[in-house]
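The values are calculated or read from the model by the stated rules, or taken from the named source; none is laboratory data. Remember, predicted model here, so these are calculated numbers, not experimental data. Virtual Cβ from ideal backbone geometry, glycine too; neighbours counted across all protein chains shown.
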Amino acid sequence: MAINSMITEEQPKTETKRSDDIIVVEDLWRTYDMGLEQQVQALRGVSLRIKRNEYVAIMGPSGSGKSTLMNLIGCLDTPSKGKYWLNNQLVSELDDDQLARIRNKEIGFVFQTFNLLARATSLHNVELPLIYSGTPAAERIQRAKQALINVGLESRMNHKPNELSGGQRQRVAVARALVNDPSIILADEPTGNLDSKTGNEIMALFDSLQAAGNTIVLVTHEPDIAEFAHRIVHIRDGQIFSDEPSKRFR
């Protein structure tokens, strides 16, 4: 999917890694200092490649390192060691301001808790990434409306979150994730607060997004949700334990 960024600030000059892979992680480590000379190794030399338009689920039990890996892929944290390229940019060595620009330009986030502004309409919630990137008002309203239409919420644009069902709120979150035309969609337990029927509807929406050309990285602890992806990466004790096609794509 083409990237259409309205960010006008000069972008950092970073090492590039040209390939068909949109995500390249090489020997990634993340160490947390716990005080009293104690350290926790959350990731231990993880290497991973994800191609454009792939649909990958990352699974693992609590404490496995999957959330740490998600934070690094989402540019919410930086590694202690190793390299990470996103869309041909070496982002593992950027500072916080540079990472913030990369997040807004390259990554669409979908969270379990929706993370919508309670007093804002669906349209305004979807507009937010465009406001941060400096998109002119007329253009951002048009793009936000189209994003809501794309997820089937054309009749709910002026509704606030408390006027929407859980599934509709998550669709607003998906529209917000899509509105900046990101390189990847990073979904963290996107069905965790939904009943099974609504959860399946959201996963069907992800299927259609992938078919339209989006790259999706899904983080979940639910095996049945992971099976919607084309490929499942299992994390255990900070390392990749297995990496194989999901059952429906074997």
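Among the residues of the range 141-150, is any free of Cβ contacts under 8 Å to residues at least 12 places away in the same chain and under 23 Å from Arg30 (Cβ atoms)? Talk me through it step by step, then tell me what you get.
Here is the first cut: in the range 141-150, the residues free of Cβ contacts under 8 Å to residues at least 12 places away in the same chain are 142, 146, 149.
Going one step further and asking which of them are under 23 Å from Arg30 (Cβ atoms), we end up with none.
Scanning the range 141-150 turns up no residue that is free of Cβ contacts under 8 Å to residues at least 12 places away in the same chain and under 23 Å from Arg30 (Cβ atoms).
With respect to being crowded, with 22+ Cβ neighbours inside 10 Å and over 15 Å from the mean Cα position of the chain (by Cα), Leu130 fits the description. For Arg103, the conditions (1) out of contact with any strand residue (DSSP E or B) (no Cβ under 9 Å at 6 or more places or on another chain); (2) part of a helix (DSSP H, G or I) all hold with the exception of (1).
When Ala138, Ala175, Ala204, Ala144 are screened for being surrounded by fewer than 16 Cβ atoms within 10 Å (Cβ to Cβ), within 20 Å of the chain's Cα centre (by Cα) and assigned to a helix (DSSP H, G or I), only Ala204 passes. Are any of the residues in the range 66-79 at pLDDT below 90 and farther than 26 Å from Phe249 by Cβ? Taking every residue of the range 66-79 in turn, none turns out to be at pLDDT below 90 and farther than 26 Å from Phe249 by Cβ. Here Ala177 fulfils each of the conditions (1) of a type in the set (Gly, Ala, Ser); (2) out of contact with any Pro (no Cβ under 9 Å at 6 or more places or on another chain); (3) touching a residue at least 24 places away in the same chain (Cβ under 8 Å) apart from (2).
Quick check on Leu123: is it modelled with pLDDT of 90 or more, in a helix (DSSP H, G or I) and either surrounded by 18 or more Cβ atoms within 10 Å (Cβ to Cβ) or on the phi > 0 side of the Ramachandran plot (or both)? Here the answer is yes, as Leu123 does meet what is asked.
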